[in-house]
Amino acid sequence: MDIPRYWRLKNQRYRLQGKKCLDCGNLSFPPRLVCRKCKSRNCEPYEFKGMGTLYSYTTIFQAPDRFDQMAPYMVGLIDLEEGVRITAQLTDVLPDDVQIGMKLEMVIRQIYEDGPKGPILYGYKFRPVLKF
Amino acid sequence: MREVAIVGLGQTPVREHWESNLRDLAVTALRDAMEDAGVDTVDGVCVGNMLSGALSEQEHLGSLIVDYAGLDGVEGMKIEAACGSGAAAIRMAVKAVSSGLMDAVGVVGVEKLTEYSGKYSTAALATAADADYETTMGLSFVGINALLMRRYLYEYKLQKEDFSIFPVNAHKNAVHNPNAMFRHAITNEQYAKSKLIADPINLLDSSPIADGAAAVIVVAKENISRYKGKAVDILACEVGTDTLAIDNREDPLWLRGVERSAKKAYYVSGLSPKDINIFEAHDAFSIITALSLEASGFTEKGNAIKFAERANIGINGTFPMNTSGGLKGRGHPVGATGVYQVVEAAQQLRGTVASPIQVENNKIAMAQNIGGSGATVITTILKQI
Ligand SMILES: [Zn+2]
């Protein structure tokens, strides 16, 4: 069980917190200590809004051990509005209704449960933008 | 810097080797390569391996294999770069010999993936990806490649069935390789009906989990007359890297690690893509073969399948690929794969493979080993002497 990892990553998993370079303005997710563009270490935390479009997706039928109970499930690459791409599970949508380019928004959902007695771990997933 | 050559080759069949442990597989391949070279010791041993710690509860492979190979006291270390570990180990040997630090280095790639259930091995293989941001989100290694393939189909308006050309070719060649895991041909129809693992990747897009070991002896070219084995020139063995996570790449369909590694290899060898007679591609998944052909400069972006169809990648074609079955047909014992590729390419140049898969008039062979989804790429160019 990797509780320290989940605790350490809480700002990323719950708030999509990455980094903004104070020298060149470049945004990154995951957070990096060194700016990829200008190599500056002068960066501050930056929260992404969690809105984006789907770049690619897959339905996983044969999952790694820990996710086996949940298969099949969908994972996507999402282009955030701020110009950064991230990897996340897709939720609240059927495979047939998913298409590249669709608008998505971040929600917090259960990522996995570590056995019947273990902790439940939460984090970001993406779902189609709700229309009212 | 000294020029380097290979004078010894060894390999075990790629199988589910339930009766053999990791060290015996490694020692068999390494001693076979030493016998082929006609040496009873080496100055150092580089072990390519990815998952001995996770799947055999065994690290510290360098000294373990050195000891069991009867090389008491010789320096040995493990080199790890995910599925690129094998060729990464060759790269280390090349550096040691070309610098003049050592005269003869044994390289052995070894992997044992069948100790545990497939699901457990699937999770272990996923450690090639970014643990914090890819794997712990539920993404499998196949899943990462599926994301690439889906986007490729979308951007270039292709059908999934178009990819069958690669696995069909690999299986066709594997029939004649006694060390291959799958010595049977497959058809386009079987491919189309194959079971999905991570949509759109199906079982016949994916190289199989397997056990095996392969070895080469790397020496200075100026000394090849000292050795028994027929020498093959190593013109280049060059590494390129990229981000681990594919979401951190500006264009995930352009493998910059491949481009960097191939360009360096062409530069140091003084060759260009059109000089390559045979190509051993890292066909862990069909999509990776396509992306590798493009970023290596064999064809332009998005054109890999058309290129493969036109060039004819079969043994008698103008661009024979994966002549001993590739990862798909021979099998993919991950940390050993890069060494298998170089052994097979060297056998082609020596003219010692089975006649149905022996390519005539081949002088220059290129093997490309890819770690993860292109984060570590090693391109090796060999030449007949
Ligand atoms: Zn910057």
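In table form, for the structure just shown:
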| item | result |
| --- | --- |
| Verdict on B:Ala185 being surrounded by 24 or more Cβ atoms within 10 Å (Cβ to Cβ), out of contact with any strand residue (DSSP E or B) (no Cβ under 6 Å at 6 or more places or on another chain) and either within 14 Å of chain A (Cβ to nearest Cβ) or more than 17 Å from B:Val45 (Cα to Cα) (or both) | no |
| Residue within region B:143-155 that is closer than 17 Å to A:Met74 by Cα, at pLDDT below 95, within 14 Å of another protein chain (Cβ to nearest Cβ) and open to solvent by 20 Å² or more (accessible area, probe 1.4 Å) present | no |
| Of all residues in region B:120-134 being at pLDDT 90 or above and within 7 Å of chain A (Cβ to nearest Cβ), the one that is most open to solvent (accessible area, probe 1.4 Å) | B:Asp132 |
| Matching entry among B:Val4, B:Val14, B:Val47 (being over 19 Å from the mean Cα position of the chain (by Cα) and crowded, with 20+ Cβ neighbours inside 10 Å) | B:Val4 |
| Filter result for A:Gly123 (within 11 Å of chain B (Cβ to nearest Cβ), closer than 21 Å to A:Arg15 by Cβ and of a type in the set (Gly, Ala, Ser)) | yes |
| Restricting region A:83-113 to residues that are away from chain B (no Cβ under 12 Å) and more than 11 Å from the chain's Cα centre (by Cα), the residue that is modelled with the lowest pLDDT | A:Glu113 |
| Residue within region A:61-70 that is more than 7 Å from every other protein chain (Cβ to nearest Cβ) and either over 25 Å from A:Tyr6 (Cβ atoms) or acidic (Asp, Glu) (or both) present | no |
| Every pair of residues 6+ apart whose Cβ atoms lie under 6 Å, when the first sits in region B:180-195 and is part of a helix (DSSP H, G or I) while the second is surrounded by 15 or more Cβ atoms within 10 Å (Cβ to Cβ) | B:Asn188/B:Ser164; B:Tyr191/B:Ser164; B:Tyr191/B:Leu204 |
| Condition met for B:Ala170 (in contact with a Leu (Cβ under 8 Å, 6 or more places away or on another chain), assigned to a helix (DSSP H, G or I) and not assigned by TED's automatic domain parsing to the domain that holds B:Ala26) | yes |
| Residues being open to solvent by 60 Å² or more (accessible area, probe 1.4 Å) and part of a strand (DSSP E or B) - total across region B:197-229 | 0 |
| Search result, residues across region B:133-189 that are of a type in the set (Asp, Glu) and farther than 14 Å from B:Asn202 by Cα | B:Glu134, B:Glu155 |
| Strands (runs of 3 or more DSSP E) wholly inside region A:1-118 that include at least 1 residues being within 16 Å of the ligand (Cβ to nearest atom) and open to solvent by less than 20 Å² (accessible area, probe 1.4 Å) | A:17-21 |
| Selection count, region B:352-378, where residues are among the acidic types (Asp, Glu) and crowded, with 24+ Cβ neighbours inside 10 Å | 0 |
| For B:Ser117: the one exception among (1) without any contact (Cβ under 8 Å) to a residue 40 or more places away in the chain; (2) crowded, with 17+ Cβ neighbours inside 10 Å | (2) |
| Residue match in region B:159-172 (condition: within 14 Å of chain A (Cβ to nearest Cβ) and at pLDDT 95 or above) | yes |
| Counted residues, region B:90-100 - those being among the small types (Gly, Ala, Ser) and part of a helix (DSSP H, G or I) | 3 |
| Residue within region B:74-86 that is open to solvent by less than 20 Å² (accessible area, probe 1.4 Å), out of contact with any strand residue (DSSP E or B) (no Cβ under 7 Å at 6 or more places or on another chain) and closer than 26 Å to B:Ala367 by Cβ present | no |
| So A:Tyr14, is it hydroxyl-bearing (Ser, Thr, Tyr) and without any contact (Cβ under 8 Å) to a residue 60 or more places away in the chain | no |
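The values are calculated or read from the model by the stated rules, or taken from the named source; none is laboratory data. Because the structure is predicted, anything quoted here is derived from the model rather than measured. Please note: Cβ atoms are built from the backbone with ideal geometry, for glycine as well, and neighbour counts cover all protein chains shown. For the accessible areas, the whole protein counts, side chains as well, though only heavy atoms, and no ligand, DNA or RNA atoms are used. Shrake-Rupley method; radii C 1.70, N 1.55, O 1.52, S 1.80 Å.
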